[in-house]
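Data first, discussion second: the structure below is written as structure tokens.
The values are calculated or read from the model by the stated rules, or taken from the named source; none is laboratory data. What you see is a predicted model; the values in this text were computed from it and never measured. Don't worry about glycine lacking a Cβ; one is built from the backbone with ideal geometry, like all the others, and counts go over all protein chains shown. Areas reflect the complete protein model, heavy atoms only, side chains present, ligands, DNA and RNA absent. Shrake-Rupley method; radii C 1.70, N 1.55, O 1.52, S 1.80 Å.
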Amino acid sequence: MAFAPAVLPAKSAPPLPPTANHKTIILEQCRTLRDLHQIHARLIKTGTARLPSVAENLLECSALLLPGSLDYALEIFRAAPRPHAQAYNILIRAFIRNNSPQEALGLFLRMLACSVPPDKHTFSCVLKVCSRLRALQDGKQLHAHAVKRGLASEEFVVNSLIHMYASCGEVVVARKLFDGMPKRGIVTWNAMFAGYFKAGDWGEVVELFRGMLELGMAFDEVTLISVLTACGRMGVLDLGKWIDDYVEANGLKRCQNLVTALVDMFAKCGEVDKARRLFDKMPSRDVVAWSAMISGYNQANRCREALALFHVMQKAKVDPNEVTMVSVLSSCANLGALETGKWVHSYIKKKQLHVTVNLGTALVDFYAKCGCMESALETFEEMPNKNAWSWSVLIQGLASNGQGREALKVFSLMLEAEFQPTDVTFIGVLSACSHAGLVEEGQILFDSMCSKYGVQPRIEHYGCMVDLLGRAGLIEEAYHFIKSMPIEPNAVVWRTLLASCKIHKNVNFGEESLKQIIKLEPRHSGDYILLSNIYALVGRWEDAVSVRNQMKERGITKIPGCSLIELDGTIFEFFAEDSSHPQSKEIFSKVNEIITKLKLAGYVPNVAEARLDAEEDEKEVSVSHHSEKLAIAFGLMKSPPGAVIRVSKNLRVCTDCHLATKLISKVYKREIVVRDRNRFHHFKYGSCSCNDYW
């Protein structure tokens, strides 16, 4: 332990015998630093200031009780001729409280140099310093020293040792110490829970608590908060409900932190409405409670409710923290709520909030998912710190926005910056190769995952390779790639091949793909429609109708299309052929105007994309009233000329809407950004960034 020592007496003598005991009455009168000065002067005059017991109380008052008086405490300490272990302990605690852990360690070293024997309280305090600094080697030396002094078995010291080892990542050692204790109190149990908590070993937290219950051990609110957090992370709803019942039965709902933990647990376990009921009953809510509820809505993909609650939080004048901001940005990203997300970013700048890696990455992800890659790149460059996840988010954003080659350049920069790529990184990289048509590069990168970077390919990576080969027209190679996979292909992999078959009009492998998909997910309407469209593209109209009739016979209905558009900070939602909007008459009129202009530009509606039960004379109207066409029409009505129109859709954009949107961008001279289930489409001057492959 080589630390700069605090300024201390040159030497220390054996303690004086105990003396008068009238000192505390005077010291209790200290309320301000001025009081302390006056009382200290009086003690000096009476000659009692040099008595160890009086000096220690004076030291405690100045070091721990009065804010801003640590320097004065140091002067008192220096003046003490023979400071005892108690005096050192007081000052070590003061340094810890003052967030000066290095000084605390330096003081401990001088204590040893002055031959003042540390007691159990000394070891406990200094071990806390090691925990805070994650100074494992120093902690091990302290452990050895405590063993030599015969204090390593003291419960007080063992608790601190458990905490130190766990904080430094040595959870196994901490557990050995825990298991070796003949008697364990609630503090010891909580120290072990805290160790697993910090290490993110949620399963161990749950199992430790179950063991605690079997032994009939008492627990407190601190225990329950740790266990509820673990239940939320693991989805252990049964135990979480048991704790909720226990809290209710024992009148513990008054503990705000405990109720907040319950809200968080229920939300993470999918019981969002139960979480909201608990949240609404809380007499007061701090930022942690608000953040837990907003995060719960976001994780349950109830993003509009997350943003609505965030607005209520603002009205309640509760300042958001990093967790709140990350959840709100994630919700904005999922909804494509660009204006709301921009407001969050400006709020962060206005309040000069520290942009952590998590918050910075959330901002990059938000801009990327709103199709604003320039803003995403600018935000990424401004981040003070980055990790592999930050790079991966940027790479994925570039890939999904059709900038495959740029994504690969960023990947090269990531490697130059000596960041180790993860499995998520390679999903983005392989997607980039697919969008850029770089088959050979993609195959090399896929092969290097395990051999060069130690990343084992997952089903998503195999799906990317199928997309890469299929997009390039190598349908047969993609099929054989699937058949040679070391893991069982899922429906998504086969669906990827089916989509490629549609683009390249390959009937045989399209039929085989649907056959395999039906074994895994027999009721997914989009797969039948894809094969029906393949038949239609090659002129096999009877087969196209037959597939759609199969859907009707099997009771398979098409998932209703839903599109979102944000205007002036408000999210508007449109469903296919939906007339519930208050301005639906004006919107349908605008759609008719659009279709008329498009037909003059050569547009012919693809009625094969109409809903299955539409009559022949209704099919063209059905197609023209798809959700994204309604959203785009509304955007043209409500936004100023030249403004970018941004739409998010829950399904893959159909062929007809894709063609129509290309023409709308040309006829109305508008840039239109559509995010569908698979990727972004940037429509400009009559063309799309996907190059008509999606």
Report every pair of residues separated by at least 6 positions or lying on different chains whose Cβ atoms are under 8 Å apart, first residue within the range 679-690 and touching a residue at least 12 places away in the same chain (Cβ under 8 Å), second open to solvent by 30 Å² or more (accessible area, probe 1.4 Å) and assigned to a strand (DSSP E or B). His681/Arg675; Cys688/His682; Ser689/His682
Of everything in the range 250-294, what is open to solvent by 40 Å² or more (accessible area, probe 1.4 Å), within 13 Å of Leu237 (Cβ to Cβ) and part of a helix (DSSP H, G or I)? Give them in sequence order. Lys268, Lys274
Confirm whether Ser687 is among the hydroxyl-bearing types (Ser, Thr, Tyr), within 23 Å of Leu335 (Cα to Cα) and in contact with a helix residue (DSSP H, G or I) (Cβ under 9 Å, 6 or more places away or on another chain). no
Out of (1) hydroxyl-bearing (Ser, Thr, Tyr); (2) modelled with pLDDT under 80; (3) surrounded by 20 or more Cβ atoms within 10 Å (Cβ to Cβ), the odd one out for Thr48 is which? (3)
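A quick yes/no check of all residues on (1) in a helix (DSSP H, G or I); (2) touching a residue at least 40 places away in the same chain (Cβ under 8 Å); (3) open to solvent by less than 20 Å² (accessible area, probe 1.4 Å); (4) on the phi > 0 side of the Ramachandran plot:
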| site | (1), (2), (3), (4) |
| --- | --- |
| Arg175 | yes, no, no, no |
| Tyr196 | yes, no, yes, no |
| Gly216 | no, no, no, yes |
| Gly232 | yes, no, yes, no |
Within the range 446-475, considering residues that are in contact with a Phe, Trp or Tyr (Cβ under 7 Å, 6 or more places away or on another chain) and assigned to a helix (DSSP H, G or I), the one most open to solvent (accessible area, probe 1.4 Å): Arg471
Would you mind telling me which numbered condition in (1) free of Cβ contacts under 8 Å to residues at least 40 places away in the same chain; (2) closer than 30 Å to Leu335 by Cα; (3) open to solvent by less than 60 Å² (accessible area, probe 1.4 Å) Leu520 fails? (3)
How many of the residues making up the range 282-333 are under 18 Å from Thr229 (Cβ atoms) and either among the acidic types (Asp, Glu) or in contact (Cβ under 8 Å) with a residue 60 or more places away in the chain (or both)? 2
Checked the range 489-505 for anything β-branched (Val, Ile, Thr) and open to solvent by less than 10 Å² (accessible area, probe 1.4 Å); matches are Val493
Of all residues in the range 369-413 being assigned to a helix (DSSP H, G or I), surrounded by fewer than 24 Cβ atoms within 10 Å (Cβ to Cβ) and basic (Lys, Arg), which is nearest to the chain's Cα centre (by Cα)? Lys409
Checking Ser648 against (1) among the hydroxyl-bearing types (Ser, Thr, Tyr); (2) buried (at least 22 other Cβ atoms within 10 Å of the Cβ); (3) on the phi > 0 side of the Ramachandran plot, which single condition isn't satisfied? (3)
Quick one: Glu577 ticks every box in (1) part of a loop (DSSP other than H, G, I, E, B); (2) of a type outside the set (Gly, Ala, Ser); (3) buried (at least 19 other Cβ atoms within 10 Å of the Cβ); (4) over 43 Å from the mean Cα position of the chain (by Cα) bar one, so which box is it? (4)
Number of the condition not met by Leu630 [criteria: (1) open to solvent by 10 Å² or more (accessible area, probe 1.4 Å); (2) more than 28 Å from Leu498 (Cα to Cα)]: (1)
